[in-house]
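Below you'll find the structure, written out as structure tokens, and then a few comments.
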Amino acid sequence: MKNIKQKILIILATLSLVIGFFAVPAGVFAAVTVDEAIDSGTSKILSTGKLADDWQSLGVARSNTPASKEVRQARYNDIVAYLNQSDRLSATDFERTIIGVVSIGGDPTHIPEATTHKNLVEELYQSNAMNSGVNAIIYGLLALQTKEYAVPENANFSIQEMVDKLLSLQKADGGWALGGAVGDVDMTGMAITALAKYKDMPGVSTALDRSVAWLSSVQLKSGGFKGWSNENSNSLSQALMAITLTGNDPKGALFTKDSDMITALMTYRTADGGFKWLPTDTQSNGMALEQALYALTQYKFYLNGSGSIYDFVNNPVPQLIETPVEPDPSTEEPSSSAEPGTEDSNSSDSNSSDSNVSSEDSSTTTSISDGSDENTEETISDSEGSSNVEKNTTDSSGAGIIGDTDSSTTAPSKEADEEAVQNTSNNANSDNAKSLPSTGEANDYMFLSVLLGASMLLVGVFFLAKNKRKQNN
């Protein structure tokens, strides 16, 4: 009888310990919503006080906290310096830089501070992008999606030709790859991201259906994906971009095995707010953070029906220059018509025009993982984190607003930034509307889960201690 009681105590203690060990981590994980993951990732990037590259610029631009004008201006100055140091740029250099410039509120067709590369879009159209590999085709489509650009008369290709070329590179299994006959997840995710806008063109919809089916077939039980030989967050992020842009739910049945894509990606979060690359890593990785950030913002766009993060026309971002809107003279009444003792009717017109001074130039960027500048042609993006907005702004002295050195225009306009942020997309505060846990609910769940886990651990320790005392007696 005594042995039976001891066995029961041991079993109860073991069950309590197991439940406790699982409940505590589950509670911590449940505390993080998509918005909170985006916010903490953005904060980590911006804590450096600068935007380090184009992909960071894209991720932060689409976050809930776009960078300040000072930080974006500093990034623009870095881009100008880069362009002035580069005599020869590859097609992917132009493409990546176009995305970066648009993300910070600049105009890639008008960079007056550059010595030679003043119109990046025109130079891209005149490049050898069509014969520069699958990356150049993908990035080219993404860069040219950001806004509605005029096609120069001496262009070497058209959007239609780029789309047709990318379709011709699809593998028999439905995927895309840098080489070989078998698709890989990263390139497939990026190709789908680039093609999603053109689903109404001949052959595109069928190609997208095949590629989405292939991604579902290679998804792991964890909800994640392998890139090359390792399961990693970068491949998962690129797949998430593709799935949401094709209108598929990453938490739906097609992309839920033992777990879904969002749950899987959140397991890569680290304590410092970043994301790690491999499941076994213990520290965050700059490239992983960058790709996870813009993939999660694309997921938010999907939930809100906002389209693509690469579309800056329908989803504008704060601009470095506010373009005044002049009143239409045809709508103004002659000043002589104003009666004595009344305000001139033109004063109301001028006031209404003032309210439009900070109107934003809408444009959306598409983000693709490109990694370091050296590997843009061959690797999937793994960019570093970007800089912080409000607390760690860089010194803007001597850094004039694009194309204007007048000190009266170089002062940052907080009001203009705040107004533009309202237009970036209504992607903030959407978790409740889409049945995602709100911050309060998540914290309550975390508290209960941690309490349960801690209680079960204590119960387990109590039973083990009690059993040990009985054995000693």
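The values are calculated or read from the model by the stated rules, or taken from the named source; none is laboratory data. Since the model is a prediction, treat every value here as computed from it, not as a measurement. Neighbour counts are summed over all protein chains in view; Cβ atoms, including those assigned to glycine, are modelled from backbone coordinates with ideal geometry. When the accessible area is computed, the model is the full protein with side chains, heavy atoms only, and any ligands, DNA or RNA have been set aside. Shrake-Rupley method; radii C 1.70, N 1.55, O 1.52, S 1.80 Å.
Using the structure shown, decide if G247 is modelled with pLDDT of 95 or more, crowded, with 22+ Cβ neighbours inside 10 Å and part of a loop (DSSP other than H, G, I, E, B).
Criteria not met by G247.
Hey, does the stretch 86-93 have a residue that's assigned to a loop (DSSP other than H, G, I, E, B), at pLDDT 95 or above, small (G, A, S) and surrounded by fewer than 20 Cβ atoms within 10 Å (Cβ to Cβ)?
Within the stretch 86-93, one or more residues are assigned to a loop (DSSP other than H, G, I, E, B), at pLDDT 95 or above, small (G, A, S) and surrounded by fewer than 20 Cβ atoms within 10 Å (Cβ to Cβ).
I'm trying to understand the selection: among the residues of the stretch 106-133, which are in a loop (DSSP other than H, G, I, E, B) and over 26 Å from N77 (Cα atoms)?
Those that are in a loop (DSSP other than H, G, I, E, B) and over 26 Å from N77 (Cα atoms): N128, S132, G133.
Filter the stretch 266-277 for residues that are closer than 11 Å to N232 by Cβ and not basic (K, R); which is surrounded by the fewest Cβ atoms within 10 Å (Cβ to Cβ)?
The qualifying residue surrounded by the fewest Cβ atoms within 10 Å (Cβ to Cβ) is W277.
Can you find a residue in the stretch 79-92 that is in contact with a helix residue (DSSP H, G or I) (Cβ under 9 Å, 6 or more places away or on another chain) and under 23 Å from G41 (Cβ atoms)?
yes
For (1) closer than 20 Å to Y294 by Cβ; (2) of a type in the set (S, T, Y); (3) open to solvent by less than 30 Å² (accessible area, probe 1.4 Å), each residue gets a yes or a no:
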| residue | (1), (2), (3) |
| --- | --- |
| N84 | no, no, no |
| I104 | yes, no, yes |
| L120 | no, no, yes |
| G133 | no, no, no |
| Q145 | yes, no, yes |
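Filtering the stretch 165-184 down to residues that are outside any loop (DSSP other than H, G, I, E, B) and touching a residue at least 24 places away in the same chain (Cβ under 8 Å), which residue is surrounded by the fewest Cβ atoms within 10 Å (Cβ to Cβ)?
Here is the first cut: in the stretch 165-184, the residues outside any loop (DSSP other than H, G, I, E, B) are 165-168, 176, 184.
Pick out the ones that are also touching a residue at least 24 places away in the same chain (Cβ under 8 Å) and you get 165-167, 176, 184.
Values: K165: 18, L166: 21, L167: 20, W176: 28, D184: 22.
Only one residue fits best here, namely K165.
Matching residues to (1) under 20 Å from K251 (Cα atoms); (2) among the aromatic types (F, W, Y); (3) within 24 Å of the chain's Cα centre (by Cα):
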{"position": "G140", "(1), (2), (3)": "no, no, yes"}
{"position": "Y149", "(1), (2), (3)": "no, yes, yes"}
{"position": "A155", "(1), (2), (3)": "no, no, no"}
{"position": "V163", "(1), (2), (3)": "no, no, yes"}
{"position": "L166", "(1), (2), (3)": "no, no, yes"}
{"position": "K199", "(1), (2), (3)": "no, no, yes"}
{"position": "W214", "(1), (2), (3)": "yes, yes, yes"}
{"position": "Q219", "(1), (2), (3)": "yes, no, yes"}
{"position": "S229", "(1), (2), (3)": "no, no, no"}
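I'm told D258 meets every condition in (1) out of contact with any strand residue (DSSP E or B) (no Cβ under 7 Å at 6 or more places or on another chain); (2) open to solvent by less than 50 Å² (accessible area, probe 1.4 Å) except one. Can you identify the failing condition by its number?
Status for D258: all satisfied but (2).
Please tell me if T115 is among the β-branched types (V, I, T) and surrounded by 16 or more Cβ atoms within 10 Å (Cβ to Cβ).
No; evaluated as a whole, the condition is false for this residue.
Considering S47, S63, which residue is surrounded by fewer than 24 Cβ atoms within 10 Å (Cβ to Cβ), within 25 Å of Y299 (Cβ to Cβ) and modelled with pLDDT of 95 or more?
Exactly one of S47, S63 is surrounded by fewer than 24 Cβ atoms within 10 Å (Cβ to Cβ), within 25 Å of Y299 (Cβ to Cβ) and modelled with pLDDT of 95 or more, namely S47.
Could you check the stretch 200-239 and list, in sequence order, the residues that are of a type in the set (G, A, S) and in a helix (DSSP H, G or I)?
Result: S205, A207, S211, A213, S216, S217, S233, S235, S237, A239.
If N77 satisfies every condition in (1) assigned to a helix (DSSP H, G or I); (2) surrounded by 24 or more Cβ atoms within 10 Å (Cβ to Cβ) but one, which is the exception?
Only one criterion in (1) assigned to a helix (DSSP H, G or I); (2) surrounded by 24 or more Cβ atoms within 10 Å (Cβ to Cβ) is unmet by N77, namely (2).
I need a count of the residues in the stretch 279-307 that are within 16 Å of A239 (Cβ to Cβ) and either at pLDDT below 95 or assigned to a loop (DSSP other than H, G, I, E, B) (or both).
1
If you check V151, V121, which single one turns out to be free of Cβ contacts under 8 Å to residues at least 40 places away in the same chain, in contact with a Ser or Thr (Cβ under 6 Å, 6 or more places away or on another chain) and not hydroxyl-bearing (S, T, Y)?
V121
One line per residue, one yes/no per condition, for (1) in contact with an Asp or Glu (Cβ under 9 Å, 6 or more places away or on another chain); (2) among the aromatic types (F, W, Y); (3) open to solvent by 40 Å² or more (accessible area, probe 1.4 Å):
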residue	(1), (2), (3)
L220	yes, no, yes
G227	yes, no, no
I243	yes, no, no
K251	yes, no, yes
L254	no, no, yes
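Considering every residue within the stretch 134-146, establish whether at least one is assigned to a loop (DSSP other than H, G, I, E, B), touching a residue at least 12 places away in the same chain (Cβ under 8 Å) and within 21 Å of A196 (Cβ to Cβ).
yes
Just the residues that are aromatic (F, W, Y) and surrounded by fewer than 24 Cβ atoms within 10 Å (Cβ to Cβ), please, taken from the stretch 278-298. First the steps, then the outcome.
Filtering the stretch 278-298 down to residues aromatic (F, W, Y) leaves 294.
Those that are aromatic (F, W, Y) and surrounded by fewer than 24 Cβ atoms within 10 Å (Cβ to Cβ): none in the stretch 278-298.
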